[in-house]
Amino acid sequence: MNIVKKVSLKNFRCHEEFDLDCNRPTTLIIGENGSGKTSVLEAIYLALRGKSFKGVDKEILKREADFYRAEIELMDAQKIIIRFDGRKKEFEIDGKKSLRLPKKNRYPVVLFEPDDIYLVGSSPSRRRDYFDELFKQINENYGAALSKYNKALRQRNDLLKNEIVSRDDLFSWNVMCANYGAEVIRRRVHNLKKINEKMTDIYRNIAKNGDECSIKYIGAEVDENDYLKNLENNFERDCVLGYTTFGIHRDDYEFIFNKKKADGSASRGENRSMILSLKFIEAQILEQEVGKKPVVLLDDIFSELDEMRQRHLIDNFKNYQMIITSTAVPSEMRVDKKL
Ligand SMILES: Nc1ncnc2c1ncn2[C@@H]1O[C@H](COP(=O)(O)OP(=O)(O)O)[C@@H](O)[C@H]1O
Ligand SMILES: [Mg+2]
């Protein structure tokens with residue numbers, strides 16, 4: 001069940017030297033604010049996903065240092081070494097070097113950060129980013145389609161900023177936006193359906209009542225042809241505004257609680273239980289779709305949850321490797337590292 005065995009860091013954010021053993025199913029890291037807890041999870045995430053969840057390499061590199069190094073040893077004895085020399089980053093796995101973490105070496109991760117608690121009522125762009133990250137983990141093709149879409153969208157928007165632009169100028173970009181945009185919609189709707197199949201059951205397991213919840217896609221669920229028509233119909237408006245008004249970059253996700261928009265109708269506790277449910281579903285779906293058990297990283301969220309929800313969290317993830325950070329020791333847990 002455990003995947004990560006050991007973490008060794010050099011010049012990684014505030015850590016000049018840092019070592020951690022993760023031999024037990026749950027690893028608890030305790031430390032004051034600013035002591036470097038999130039940075040440890042960032043390093044683990046980097047080794048499992050190939051990319052940080054919060055910053056770029058120049059920010060990670062310890063101030064005044066000229067390199068950072070992160071070595072993550074896995075249970076299967078494999079070592080992932082990440083080096084950054086101030087300009088270039090490289091991954092090394094079993095002696096093989098590469099600029100990116102190879103796909104076969106990636107592991108799914110369920111990351112739970114304090115900000116996630118406010119997902120229901122946060123901005124559409126925050127929610128889009130959240131689900132994009134999840135869907136990229138579920139299927140590599142999602143990330144590929146999304147990044148091709150974003151490139152085409154940027155080109156289209158650049159043209160729209162010009163004084164004069166014709167329908168012909170935009171055509172090839174329209175075709176690309178429609179092609180990749182429709183694929184992204186298809187995958188978003190498909191993944192949401194999977195999430196929604198489980199959502200109410202898992203929520204009721206936490207709340208122990210008859211409430212129901214789901215997540216609704218807010219956007220046009222169109223195929224490629226209709227996507228293209230929408231772009232073409234909006235030509236004049238887009239020219240006046242200087243940007244693309246139709247498309248997946250403006251879509252959103254709405255949490256629904258007892259058939260009403262949760263934001264504004266569900267209570268604080270109900271919102272938290274919905275997010276908890278979503279996290280449990282993420283772990284299940286990632287395991288099903290990727291075929292590898294995700295590592296669960298819980299970053300300083302205990303202070304945000306009451307005891308009942310803390311217990312649910314630990315209980316529901318008991319079959320996964322958990323690496324937890326906190327400022328205070330949650331009840332009945334043993335500390336593995338004190339910062
Ligand atoms: N590149 C860096 N070099 C040195 N210190 C850094 C760097 N990046 C962040 N820090 C500092 O590291 C400290 C720890 O950050 P963090 O891991 O977020 O701590 P925690 O999660 O325990 O609150 C912060 O005080 C931050 O200012
Ligand atoms: Mg932190």
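From the list Glu197, Glu221, which residue is within 30 Å of Val165 (Cβ to Cβ) and of a type in the set (D, E, K, R)? Lay out the reasoning, then the answer.
Values: Glu197 fails: within 30 Å of Val165 (Cβ to Cβ).
Result: Glu221 is the single residue among Glu197, Glu221 that is within 30 Å of Val165 (Cβ to Cβ) and of a type in the set (D, E, K, R).
For segment 281-310, how many residues are touching a strand residue (DSSP E or B) at 6+ places or on another chain (Cβ under 9 Å) and in a helix (DSSP H, G or I)?
Residues of segment 281-310 that are touching a strand residue (DSSP E or B) at 6+ places or on another chain (Cβ under 9 Å), as a first pass: 282-283, 286, 294-303.
Next cut, in a helix (DSSP H, G or I) only: 282-283, 286, 302-303.
Number of matching residues: 5.
Quick check on segment 301-322: of everything there that is more than 13 Å from ligand 2 (Cβ to nearest atom) and of a type in the set (A, V, I, L, M, F, W, C), which residue is surrounded by the fewest Cβ atoms within 10 Å (Cβ to Cβ)? Write out each step before concluding.
Step one: list which residues in segment 301-322 are more than 13 Å from ligand 2 (Cβ to nearest atom), which gives 305-322.
Then drop every residue that is not of a type in the set (A, V, I, L, M, F, W, C), which leaves 305, 308, 313-314, 317, 322.
Working: Leu305: 21, Met308: 13, Leu313: 23, Ile314: 17, Phe317: 21, Met322: 22.
Going through the qualifying residues, I end up with Met308.
Tell me whether segment 48-55 contains one or more residues that are in contact with a helix residue (DSSP H, G or I) (Cβ under 6 Å, 6 or more places away or on another chain) and in contact (Cβ under 8 Å) with a residue 40 or more places away in the chain.
Yes, the conditions are met somewhere in segment 48-55.
Here's the yes/no breakdown for (1) loosely packed, with under 14 Cβ neighbours inside 10 Å; (2) away from ligand 1 (no atom under 16 Å from the Cβ):
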{"residue": "Arg63", "(1), (2)": "yes, no"}
{"residue": "Gln78", "(1), (2)": "yes, yes"}
{"residue": "Asp94", "(1), (2)": "yes, yes"}
{"residue": "Ser125", "(1), (2)": "yes, yes"}
{"residue": "Glu133", "(1), (2)": "no, yes"}
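Residues are listed down the side, and each one gets a yes or a no for (1) free of Cβ contacts under 8 Å to residues at least 40 places away in the same chain; (2) over 30 Å from Tyr243 (Cα atoms); (3) of a type in the set (Asp, Glu); (4) more than 16 Å from ligand 2 (Cβ to nearest atom):
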{"site": "Arg63", "(1), (2), (3), (4)": "yes, yes, no, yes"}
{"site": "Ile72", "(1), (2), (3), (4)": "no, yes, no, yes"}
{"site": "Lys79", "(1), (2), (3), (4)": "yes, yes, no, yes"}
{"site": "Glu90", "(1), (2), (3), (4)": "yes, yes, yes, yes"}
{"site": "Lys103", "(1), (2), (3), (4)": "yes, yes, no, yes"}
{"site": "Pro124", "(1), (2), (3), (4)": "no, no, no, yes"}
{"site": "Arg127", "(1), (2), (3), (4)": "no, no, no, yes"}
{"site": "Asn139", "(1), (2), (3), (4)": "no, no, no, yes"}
{"site": "Tyr149", "(1), (2), (3), (4)": "no, no, no, yes"}
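So which residues in segment 11-35 are part of a strand (DSSP E or B), crowded, with 17+ Cβ neighbours inside 10 Å and not β-branched (Val, Ile, Thr)? Working first, answer last.
We begin by selecting, within segment 11-35, every residue part of a strand (DSSP E or B); these are 11-12, 15-21, 26-30.
From what is left, the residues that are crowded, with 17+ Cβ neighbours inside 10 Å are 11-12, 15, 18, 20, 26-30.
Correct list: Asn11, Phe12, His15, Phe18, Leu20, Leu28.
Which condition does Asp226 not pass, out of (1) more than 13 Å from Leu170 (Cβ to Cβ); (2) part of a loop (DSSP other than H, G, I, E, B); (3) not basic (Lys, Arg), if it passes all the others?
(2)
Test Ile323 against the stated conditions and say whether it is among the β-branched types (Val, Ile, Thr), under 23 Å from Arg49 (Cα atoms) and touching a Cys at 6+ places or on another chain (Cβ under 7 Å).
Working: among the β-branched types (Val, Ile, Thr): yes; under 23 Å from Arg49 (Cα atoms): yes; touching a Cys at 6+ places or on another chain (Cβ under 7 Å): yes.
It is true that Ile323 is among the β-branched types (Val, Ile, Thr), under 23 Å from Arg49 (Cα atoms) and touching a Cys at 6+ places or on another chain (Cβ under 7 Å).
FYI, it's all coordinate maths here, none of it is from the lab. Since the structure is predicted, the reported quantities are computational estimates derived from the model, not experimental observations. Positions of Cβ are generated from backbone atoms using ideal geometry, with glycine treated the same way; all protein chains shown enter the neighbour counts.
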